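Okay, so here's the structure we're looking at.
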Amino acid sequence: MTTVRWQDTPQGKAIGSIIEYLVGNFGGDVKNPKVRKKWESFYMQELDAASLGSKLSKEWVKSSQIPEDKYKNSLIDDESEEAEAIQMALTMRIMRTPFSKKDKEKIRRNVVSWIMFAYPPAEGFDVKGFFKRDVEKRKKRLGKSYIEGKWQ
């Protein structure tokens, strides 16, 4: 029995492809304040939307440790066209995948998380804290692992 890296799973390949597309088309020098603001607006809009979503999405928002007042109502108040362009591109890419609605939500959270890792949203953002995984809790919640090309 051999284990497969998450990047080699069908979802992992989709996540990698979407990240590559978004960063390739919307990336840039993270030290540039305009670029940083664009990505920060995108994250805040994603967090705002996720805070109204499923239980797992709400947990994801909570784990980001970003104060609620920073992202709350950013979908309405923030009129960043660049951030909305990233959101639309992300939505279109995810819609083209053959996964279930629940899996597409998971893919979206993973894509945003990985991009946050590359382009941290704000000074003081605890990257290590955000990406710290409680493996035992996750195993208990998920129950299965991807082994030899299928979920076991």
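The values are calculated or read from the model by the stated rules, or taken from the named source; none is laboratory data. Everything quoted here is computed from the prediction, not taken from an experiment. Note that we place each Cβ from the backbone using ideal geometry, even for glycine, and neighbour counts take in every protein chain shown.
Does region 8-24 hold any residues that are β-branched (V, I, T) and assigned to a helix (DSSP H, G or I), and which are they?
Looking only at region 8-24, we keep the residues that are β-branched (V, I, T), and these are 9, 15, 18-19, 23.
Listed by number, the residues that qualify are I15, I18, I19, V23.
Residues that are surrounded by 17 or more Cβ atoms within 10 Å (Cβ to Cβ), at pLDDT 85 or above and within 14 Å of A85 (Cβ to Cβ) occur at least once in region 5-22.
Among the residues of region 54-72, is there at least one that is buried (at least 17 other Cβ atoms within 10 Å of the Cβ) and without any contact (Cβ under 8 Å) to a residue 24 or more places away in the chain? Step through it out loud before you land on a result.
The first filter runs over region 54-72 and keeps only residues buried (at least 17 other Cβ atoms within 10 Å of the Cβ), leaving 57, 60-61, 64, 66, 71.
Checking which are without any contact (Cβ under 8 Å) to a residue 24 or more places away in the chain leaves us with 61.
Looking through region 54-72, at least one residue is buried (at least 17 other Cβ atoms within 10 Å of the Cβ) and without any contact (Cβ under 8 Å) to a residue 24 or more places away in the chain.
For the condition surrounded by 13 or more Cβ atoms within 10 Å (Cβ to Cβ) and either touching a strand residue (DSSP E or B) at 6+ places or on another chain (Cβ under 7 Å) or farther than 17 Å from S113 by Cα (or both), E82 qualifies. Where residues in region 74-93 are touching a residue at least 12 places away in the same chain (Cβ under 8 Å) and outside any helix (DSSP H, G or I), which of them is nearest to E20 (Cα to Cα)? Of everything passing the filter in region 74-93, S80 is nearest to E20 (Cα to Cα). Consider region 25-73 and keep the residues that are outside any loop (DSSP other than H, G, I, E, B) and farther than 25 Å from M92 by Cβ. The one that is farthest from the chain's Cα centre (by Cα) is P33.
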